[in-house]
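Take a look at the structure set out below.
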Amino acid sequence: MNDAVVLEMKNITKRFPGVLALDKVQLTLHRGEVHVLLGENGAGKSTLIKTITGAYIPDEGEIFLEGKPVRFDSPLHAQKLGISAVYQEFNLIPELDAAKNIFLGKELMVGKTIKLNSREMYRKSEEYLETIGAKLNPRIPIKNLGVAAQQMVEIAKAIATDCKILILDEPTAVLTNQEIDRLFQVVETLTKRGVAIIFISHRLEEINRIGDRVTVMRDGAYVDTIQVEKGKLDTDYLVKLMVGREITNKFPKINVAIGEEILRVEHLNRKNVLKDINLTLHAGEILGIGGLVGAGRTEAVKAIFGADPIDSGEITVFGKKALIRQPKDAIRLGIGLAPEDRKVEGLNLGMSIKDNIIMASVDKISRCGVIGRRKRTSIPEGLKDNLRIVTPSINQMVGNLSGGNQQKVVLAKWLASDSRIVIFDEPTRGIDVGAKVEVYQLMNQLISRGVGIIMISSELPELLAMSDRILVMHEGRITGELSHEEASQEKVLRLASGGI
Ligand SMILES: Nc1ncnc2c1ncn2[C@@H]1O[C@H](COP(=O)(O)OP(=O)(O)OP(=O)(O)O)[C@@H](O)[C@H]1O
Ligand SMILES: [Mg+2]
């Protein structure tokens, strides 16, 4: 590794109304290194990188690029200086194809004319995609690509600017293991060429795989920078630096008496998507659903919830045959669904935390359609404290929260709703290690009230530790059921790949 310093940041401070998001933060970035940024939800990671990409201008502090003082005035300016970022939320235009996105704002012209040189743009796009090992046709519109492919287009777009610094904000949260392997290969190719990478992730095991150094942040402040000795990293120590305390029990599952059957799904079918899904759920039970991304788990719960159509199948709720045509029907029957894609289905970003949390429970706490003002405030306040949602006030707009804190609001919404059946789709995705424990504790509270939980999870340790029973899916069908006692990583993985 070449130790030449590419970027140096000193005393970076950034304030938002009521929030000190960055408090004299420092960061030194070396050529060709993978520098991991670590910190709890709301610690300031995304804000820090936005001051490097010119999206935010720091209130105080200095930035040096290759030894020279700079001020990144705008994203375009930062990009011209060789800085590119792939954000938690992608920045692609869905209607345009990959090549048009890659060359957006820097279109190639024919000679000195104003005629677009499309041929050259498609040829170069192919070349960029090939460099990073993505087998992908640059003529396909973005909206027809999966997340992993979209991410590859984002990275291709970044290297098309010949960047010196590439920032990846939680790139692995949405990828399958195979896709993660491929991404890490791309990262290696780029660092060999001297590109410095800033990498954000809540998955600590990834630091050992690709990290060279780690900078830990807490509450908007710099804590420490640590050299990674591959394979020897003490993740418990990192967690302590991150959250300021030790986490002894990562999975505090309690066992409550499993009660009556509250949900029964029989022979649920949807052409090309779901094949004969059968399941039951009991009061006080956590039913885990494992499987690889794309196995049909999300489709199955959405079908149960009435958000996706079905061709055939029967659903029985609390012993009565239920007709669920749309989510409203499910909610009326006491079923809640916290979806995996919070941006699209889970939240209204323009509304306050308070109103988002109350939204799902309007029927329950209103008398004559009017929600008592006290309840309207006390329930969200309590959940904000319980889940440690980082914000100055529950009146804050959800769109202003950090990624992980938005996810907590999705959970809070259904925790507040008094639903008796709650479905969580990847509940702890993007949530930091400390807050995960809080989420599990809230699940404990739910099951001790007799609520039944269905939890889709791709995190095997979480699935194994928190589920009373696990169903595993593969290509739209359930390939097996394991009790808490008999379940193991190997067994789940075997069923997830279609084996028995
Ligand atoms: N535009 C904004 N307006 C107001 N507050 C903001 C804004 N952007 C960020 N914040 C606040 O700044 C703090 C830091 O947020 P940031 O997004 O940097 O956290 P993060 O470390 O990236 O967290 P996560 O792991 O959840 O993504 C949070 O308290 C957040 O609510
Ligand atoms: Mg973030």
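Structure values in brief
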read-out: Subset of segment 381-403 (residues that are within 12 Å of ligand 1 (Cβ to nearest atom), open to solvent by less than 20 Å² (accessible area, probe 1.4 Å) and farther than 20 Å from P427 by Cα); value: none
read-out: Filter result for the condition that a residue is away from ligand 2 (no atom under 16 Å from the Cβ), open to solvent by 40 Å² or more (accessible area, probe 1.4 Å) and out of contact with any Pro (no Cβ under 7 Å at 6 or more places or on another chain), over L29, L81, L65, L96; value: L81
read-out: Verdict on L460 being farther than 19 Å from H282 by Cα and either open to solvent by 40 Å² or more (accessible area, probe 1.4 Å) or not assigned by TED's automatic domain parsing to the domain that holds D355 (or both); value: no
read-out: Strands (runs of 3 or more DSSP E) lying entirely in segment 67-185 (those with 2 or more residues that are within 16 Å of ligand 1 (Cβ to nearest atom), touching a residue at least 24 places away in the same chain (Cβ under 8 Å) and over 25 Å from S402 (Cβ atoms)); value: none
read-out: Selection from segment 408-431 of residues that are in contact with a helix residue (DSSP H, G or I) (Cβ under 6 Å, 6 or more places away or on another chain) and within 16 Å of ligand 2 (Cβ to nearest atom); value: V409, V410, T428, G430, I431
read-out: T235 vs. criteria at pLDDT below 95, touching a Leu at 6+ places or on another chain (Cβ under 9 Å) and away from ligand 1 (no atom under 16 Å from the Cβ); value: yes
read-out: Complete set of residues in segment 37-62 that are β-branched (V, I, T), part of a loop (DSSP other than H, G, I, E, B) and within 16 Å of ligand 2 (Cβ to nearest atom); value: T53
read-out: Residues being modelled with pLDDT of 90 or more and open to solvent by 20 Å² or more (accessible area, probe 1.4 Å) - total across segment 419-435; value: 1
read-out: Condition check for G244: touching a Lys or Arg at 6+ places or on another chain (Cβ under 9 Å), within 16 Å of ligand 1 (Cβ to nearest atom) and either among the hydroxyl-bearing types (S, T, Y) or at pLDDT below 90 (or both); value: yes
read-out: Yes/no for Q441 being under 21 Å from A257 (Cβ atoms), open to solvent by 30 Å² or more (accessible area, probe 1.4 Å) and not β-branched (V, I, T); value: yes
read-out: Positions within segment 14-26 being among the small types (G, A, S) and either outside the structural domain of A78 (by TED's automatic domain parsing) or more than 14 Å from ligand 2 (Cβ to nearest atom) (or both), in sequence order; value: G18
read-out: Failed criterion for T225 (all others in (1) in contact with a Phe, Trp or Tyr (Cβ under 8 Å, 6 or more places away or on another chain); (2) modelled with pLDDT of 95 or more hold); value: (1)
read-out: Among the residues listed as I454, I447, the single one being at pLDDT 90 or above and assigned to a helix (DSSP H, G or I); value: I447
read-out: Strands (runs of 3 or more DSSP E) contained in segment 240-315 and holding at least 1 residues within 27 Å of the chain's Cα centre (by Cα); value: 274-282, 286-291
read-out: Residue match in segment 163-182 (condition: modelled with pLDDT of 90 or more, buried (at least 21 other Cβ atoms within 10 Å of the Cβ) and over 28 Å from E60 (Cα atoms)); value: no
read-out: Selection status of N101, assigned by TED's automatic domain parsing to the domain that holds G54, open to solvent by 50 Å² or more (accessible area, probe 1.4 Å) and touching a helix residue (DSSP H, G or I) at 6+ places or on another chain (Cβ under 9 Å); value: no
read-out: Selection count, segment 271-295, where residues are farther than 18 Å from I453 by Cα and crowded, with 20+ Cβ neighbours inside 10 Å; value: 2
read-out: Breaking point among (1) within 16 Å of ligand 1 (Cβ to nearest atom); (2) open to solvent by 10 Å² or more (accessible area, probe 1.4 Å); (3) of a type in the set (A, V, I, L, M), for A416; value: (1)
read-out: Tally, over segment 413-440, of residues that are among the aromatic types (F, W, Y) and assigned to a helix (DSSP H, G or I); value: 2
read-out: Verdict on R213 being surrounded by fewer than 21 Cβ atoms within 10 Å (Cβ to Cβ) and either within 21 Å of G82 (Cβ to Cβ) or of a type in the set (G, A, S) (or both); value: yes
read-out: Positions within segment 1-26 being open to solvent by less than 70 Å² (accessible area, probe 1.4 Å) and away from ligand 1 (no atom under 16 Å from the Cβ), in sequence order; value: A4, V5, V6, L7, E8
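Every residue, every condition in (1) within 16 Å of ligand 1 (Cβ to nearest atom); (2) assigned by TED's automatic domain parsing to the domain that holds Q445; (3) surrounded by fewer than 18 Cβ atoms within 10 Å (Cβ to Cβ), yes or no:
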{"position": "K192", "(1), (2), (3)": "no, no, yes"}
{"position": "F199", "(1), (2), (3)": "yes, no, no"}
{"position": "L204", "(1), (2), (3)": "yes, no, no"}
{"position": "A221", "(1), (2), (3)": "yes, no, yes"}
{"position": "T248", "(1), (2), (3)": "no, no, yes"}
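The values are calculated or read from the model by the stated rules, or taken from the named source; none is laboratory data. None of these values were measured; they are calculated from a predicted model. Backbone-built Cβ (ideal geometry, glycine too); neighbour counts: all protein chains shown. When the accessible area is computed, the model is the full protein with side chains, heavy atoms only, and any ligands, DNA or RNA have been set aside. Shrake-Rupley method; radii C 1.70, N 1.55, O 1.52, S 1.80 Å.
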